[in-house]
Each structure stands twice: as C-alpha cells, then as structure tokens.
Amino acid sequence: MRIGNKRYRTIWDDSREYASVFAIDQNALPFSLNVIRMKTARDVYTAIRKMSVRGAPLLGIASAYGIYLACVEARKKGLSREMAEEFLKKRFEMLLSARPTSINPEWAMRVVLDSISRYNNIDKKTGAALRTVRRLADNDAKNCRRIGIHGKKLIADIYRKKRGERVNILTHCNAGWLACIDYGTATAPVYLSAESKLPVQVWVEETRPRNQGAKLTAFELKQMGIPHTIITDNAGGYVMQKGDVDIVLVGADRIAQNGDVCNKIGTYKTALAAHDNGIPFYVCAPLSTIDVSKKNGFDGIDIEERDEDEVRYAMRGRSKIELCSPGSGIKNYGFDITPSRLITGIITERGIIKPDKKSIFKIKK
Ligand code: MRU
C-alpha cells in the first residue's frame, strides 16, 4: 500500500544489509514515518513489546524473522549443533512471550522451525529460514488480497441494494495493511472496492486506549484516499442506530473452532450494537488465525493485560498528560471475545464461511 507516492510493506529484509530486518515504526505514526532496524531476535522481541510492530499477521511475520535472525546469531557465535538448537528454542520462547493473545506468532515460528529442522548445518538452516519467512510474508499479502476480493462482493451487493448510494463500513482497531504485510484484513475489501470505483466511506472507531483506529487506520485510509471519519468507541452504536452503517468489518487475533473471535478490546460491544441494529458483522482473517485447538473463545485464550499507564495517561509528544483521578485502580484488558452468534461470517482467503465448527473444520482441512 502507499504512503505518499511510495509503495511500502510493513516489514522487509535487505540483502544488501545482510541479516537486517526493517519495519515501519508504528509508534511514530501518524506524525512521522520512521523505520526501525532489527539485527537480533531480541531486537524483534523489543519491537513487539514496544508495539513498534503490532497486529496479528504482522506479529506472525516479525516473529518468524526473529527465528531467522536467531539462526544468524547462532552461526556468528559458532554454536555447536546442540547449542544452536537450544539457542533457537530459547529465542522461540522469548518471542512467544512478547504478546500472548494472537495465534499468528506461534504459527509462523513453527512453520519456520519445521522448514529448517531437516538441516544439520546452521548455514543451511539460516538460508532456509530466510526463504520461508519471505514466502510467509508474500503469502500473507496474497491472502489479504484474496480476503479483499471476497469481501468486495459483499460491498458490491450492498451498493446494488442501495441503488448506487455510497456504502458505509465501520471498523474497529487497526486491521489494516499496517497490521499485516499489505492490504490488511478488514481494510482489504475497502481497498479493493475503491480500486473498482465502488463508493465507500469508513467509520473508524478510535480504539482506546492506544488509539490504533484514530492513529493508524485513519492514517492508512487517508494515504489511500479513502473517505473516512473517526468516531469515539462509544459512538459506534449511535451511528448504527442512525442507519449510517451498512456493514461492520473487523480483524481477529485468534478464532476458536466454534467461531468465537478474540480481537481488540471493544470488538464485542461493537458486535452487540451491530446485532441489535441488524447490521452484518464480518470478521476478516487468514486461516492461520484460526486456532482449532481452542473449543471456544473462553477455552484458555490468554487475554493480554497491558500497563495501566496506557489508560491513565495520554501522550503529547514526549510528555504524559494524566487523564484519570489519581489513586484510582485501573484494568487495561487488551482483547475481548465476540461470541460466534453475533458474527455474520468470517471472510478468509478461501471464501466466506459461517462462524461454526462444521464450516471451520471443513475449511481448515
Ligand atoms: O494490540 P494490537 O494493536 O496488536 O491489536 C491488533 C488487533 O486487535 C487487530 O484488530 C487484529 O490483530 C487484527 S490485525 C489484522
């Protein structure tokens, strides 16, 4: 996708700078476009912890790059085969612990580790790891585009029913290209509709407390020339009651086998409001986000609890502004569970499915 006139992906490696991985620093957006450089698995861990890279699919690819960088480190250190295996295991665990809720890091790292397991030689492991991560990144971009193609059909249907009037989409958090490699999940149908000249408008819920909607989704839509309006999280229901929302599109961090969806905190309330107003509510996610080991959304998904300072303070440049009554307790849950009964469908790269066990097992086969 574009920032200004330049095409970007969120993360890339540069063969001229061997063993360096680069990513757009999401903490600096929308005010500056900074690129971070990662040379070790620990650098990747730090970038994830600080949320310089974030969003489920991107967390997956970044963690996969972390395994590649760990191979490079093991080679540089001249570790024996056993010691290299031990080192990679420790780095896998470290990266896994960075953000607990999304399934994508574990999935992507396991794909990389599987792809290198047949090599004894660390040089070969390193080369194979890099090839696998690049393939995963390319696949993520392709899958998001496919999600866009399937989602665009829903938007085109609404457009026809509205006899050529603009289609209003509501989204929560940032499930855009910044959270992935390219296109995004929830934004892909929007970008592909705009490419086909379907008139769309996006309501962007700000997504307290880190404001991924207001800062990131709004930024990327603006860069792509998509009409959009930021609203507070509390306003979503009212906008729906007014009849100004035709469809809700959100992303996912983990989807259980029964179709329950774990996503950014506030998604559940948005889904309740959509349900009450008879508005279709779709979750856009690649199949890699489906975790069939979880029976339902409450089957032990680790919901990240974040620092209370994210709620207590707003940042203005480098200074913090206190927003809350000092001394009061704060809980900062990062994610919630939307039960499948509130979800109209899941838009995957292989088509739109019902959020139920039968459809999920069928498509995951
Ligand atoms: O805490 P974040 O910003 O990493 O949370 C991101 C979300 O919840 C996204 O909506 C989700 O990862 C889907 S990304 C395509």
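Any idea which residue in the stretch 98-127 is nearest to GLY66 (Cα to Cα), counting only those that are touching a helix residue (DSSP H, G or I) at 6+ places or on another chain (Cβ under 7 Å) and assigned to a loop (DSSP other than H, G, I, E, B)?
ARG99
Taking GLU310 and the conditions (1) touching a Ser or Thr at 6+ places or on another chain (Cβ under 9 Å); (2) farther than 22 Å from ILE169 by Cα, which numbered condition does it fall short on, given that it satisfies the others?
(1)
If ALA128 satisfies all but one of (1) more than 30 Å from GLU82 (Cβ to Cβ); (2) modelled with pLDDT of 95 or more, what's the number of the condition it fails?
(1)
Can you tell me which of (1) surrounded by fewer than 23 Cβ atoms within 10 Å (Cβ to Cβ); (2) within 27 Å of LYS50 (Cα to Cα) is the one ILE149 doesn't meet?
It fails just one condition, (2).
Specify the residue that is farthest from the ligand (Cβ to nearest atom); the eligible residues are those in the stretch 39-60 that are over 17 Å from THR126 (Cα atoms) and polar (S, T, N, Q).
Ranking the qualifying residues of the stretch 39-60, first place goes to THR46.
Which of the following residues is outside the structural domain of LEU216 (by TED's automatic domain parsing), open to solvent by 70 Å² or more (accessible area, probe 1.4 Å), farther than 25 Å from ILE265 by Cβ and more than 19 Å from the chain's Cα centre (by Cα): ARG91, ARG9, ARG81?
ARG81
Tell me, which helices (runs of 4 or more DSSP H) lie completely within the stretch 248-365 with 1 or more residues that are more than 26 Å from VAL204 (Cβ to Cβ) and touching a residue at least 12 places away in the same chain (Cβ under 8 Å)?
357-364
Please go through the stretch 282-295 and give me each residue that is of a type outside the set (Ser, Thr, Tyr) and surrounded by fewer than 16 Cβ atoms within 10 Å (Cβ to Cβ), ordered by number.
Listed by number, the residues that qualify are VAL292, LYS295.
Counting just the residues of the stretch 324-365 that are of a type in the set (D, E, K, R) and more than 23 Å from ASN277 (Cβ to Cβ), which one comes out most open to solvent (accessible area, probe 1.4 Å)?
Checking each candidate, the answer is LYS365.
Kindly establish whether LEU95 is assigned to a helix (DSSP H, G or I), in contact (Cβ under 8 Å) with a residue 60 or more places away in the chain, out of contact with any strand residue (DSSP E or B) (no Cβ under 6 Å at 6 or more places or on another chain) and within 16 Å of the ligand (Cβ to nearest atom).
Taking the combined requirement at face value, the residue does not satisfy it.
Mind checking which residues of the stretch 206-247 are away from the ligand (no atom under 16 Å from the Cβ), out of contact with any strand residue (DSSP E or B) (no Cβ under 8 Å at 6 or more places or on another chain) and not in a helix (DSSP H, G or I)?
Across the stretch 206-247, the qualifying residues are GLY225, LYS242, GLY243.
Quick check: anything in the stretch 16-34 at pLDDT 95 or above, over 20 Å from GLN223 (Cα atoms) and not in a helix (DSSP H, G or I)?
Yes, some residue in the stretch 16-34 is at pLDDT 95 or above, over 20 Å from GLN223 (Cα atoms) and not in a helix (DSSP H, G or I).
Residue by residue, here is whether (1) of a type in the set (Asp, Glu); (2) at pLDDT below 95; (3) open to solvent by less than 10 Å² (accessible area, probe 1.4 Å); (4) farther than 27 Å from SER32 by Cα holds:
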site	(1), (2), (3), (4)
VAL190	no, no, yes, no
ALA194	no, no, no, no
ASN211	no, no, no, no
PHE219	no, no, no, no
VAL248	no, no, yes, yes
ASN258	no, no, no, yes
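Which residue out of LYS124, LYS161 is away from the ligand (no atom under 16 Å from the Cβ) and in the same structural domain as ALA252 (by TED's automatic domain parsing)?
From the options LYS124, LYS161, the qualifying one is LYS161.
The values are calculated or read from the model by the stated rules, or taken from the named source; none is laboratory data. Keep in mind the model is a prediction, meaning the values are calculated, not measured. In this analysis, Cβ positions are derived from the backbone assuming ideal geometry, glycine residues included, and neighbour counts consider all displayed protein chains. Keep in mind that these areas ignore ligands, DNA and RNA; they rest on the heavy atoms of the full protein, side chains included. Shrake-Rupley method; radii C 1.70, N 1.55, O 1.52, S 1.80 Å.
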